1. Looking at region 84-95 only, could you name the residues that are open to solvent by less than 10 Å² (accessible area, probe 1.4 Å) and either in contact with an Asp or Glu (Cβ under 8 Å, 6 or more places away or on another chain) or outside any loop (DSSP other than H, G, I, E, B) (or both)?
2. Would you please name the residue that is nearest to Thr115 (Cα to Cα), looking only at residues in region 7-37 that are outside any strand (DSSP E or B) and hydrophobic (A, V, I, L, M, F, W, C)?
3. Residue check: is Val119 in a strand (DSSP E or B), within 26 Å of Leu11 (Cβ to Cβ) and out of contact with any Pro (no Cβ under 7 Å at 6 or more places or on another chain)?
4. Looking at Asp109, is it surrounded by fewer than 18 Cβ atoms within 10 Å (Cβ to Cβ), in a strand (DSSP E or B) and charged (D, E, K, R)?
5. For the subset of region 74-83 comprising residues that are polar (S, T, N, Q) and surrounded by 14 or more Cβ atoms within 10 Å (Cβ to Cβ), which member is farthest from the chain's Cα centre (by Cα)?
6. Please work out if Ser25 is at pLDDT below 95 and in contact with a Lys or Arg (Cβ under 6 Å, 6 or more places away or on another chain).
7. Output yes when any residue across region 49-65 is in contact (Cβ under 8 Å) with a residue 60 or more places away in the chain, in a strand (DSSP E or B) and hydrophobic (A, V, I, L, M, F, W, C), and no when none is.
8. Look at region 14-39 and say how many of its residues are hydrophobic (A, V, I, L, M, F, W, C) and more than 15 Å from the chain's Cα centre (by Cα).
Amino acid sequence: QVPLVESGGGLVQAGGSLRLSCAASGSIFSINAMGWYRQAPGKQRELVATIFSGGSTNYADSVKGRFTISRDNAQNTVYLQMNSLKPDDTAVYSCNARVRLPYYMSYRDYWGQGTQVTVSS
């Protein structure tokens, strides 16, 4: 019902940068939060960063000062600028959006398909 299309993953050397994008489409009444999660092999999925409709943000301690999340509310798109990448940042990064559909009162979570980020040392 609400596809999330991600782009921007890839292979980069340590110290490099990547920018992830995620666009939500479909019949959307409003989006509360949009965010990025990641899951490395053998590890649990973890929150990387979240941005709310008013602009407030949350970051995992491990990425503070290196990653920046931003959002284009008009385009229902969220971005993750990743700088000073480290090998420990290697993971599948998935986009999440908390969406309210027309004629519904509650929000529900939608997920992208995931994009691989690999940081070589």
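The values are calculated or read from the model by the stated rules, or taken from the named source; none is laboratory data. Fair warning: this is a prediction, and the values are worked out from it, not measured in the lab. Cβ atoms come from the backbone with ideal geometry, glycine included; neighbour counts cover every protein chain shown. These area figures cover heavy atoms from the full protein model, side chains too; ligands, DNA and RNA do not enter into them. Shrake-Rupley method; radii C 1.70, N 1.55, O 1.52, S 1.80 Å.
1. Those that are open to solvent by less than 10 Å² (accessible area, probe 1.4 Å) and either in contact with an Asp or Glu (Cβ under 8 Å, 6 or more places away or on another chain) or outside any loop (DSSP other than H, G, I, E, B) (or both): Asp89, Ala91, Tyr93, Cys95.
2. Once the filter is applied, the top-ranked residue is Ala14.
3. Here the answer is no, as Val119 does not meet what is asked.
4. In short, yes.
5. The qualifying residue farthest from the chain's Cα centre (by Cα) is Asn83.
6. The answer is no for Ser25.
7. no
8. In the first step, residues of region 14-39 are kept if they are hydrophobic (A, V, I, L, M, F, W, C); the result is 14, 18, 20, 22-24, 28-29, 31, 33-34, 36.
Then keep just the ones that are more than 15 Å from the chain's Cα centre (by Cα); that gives 14, 28-29.
Total satisfying the criteria: 3.
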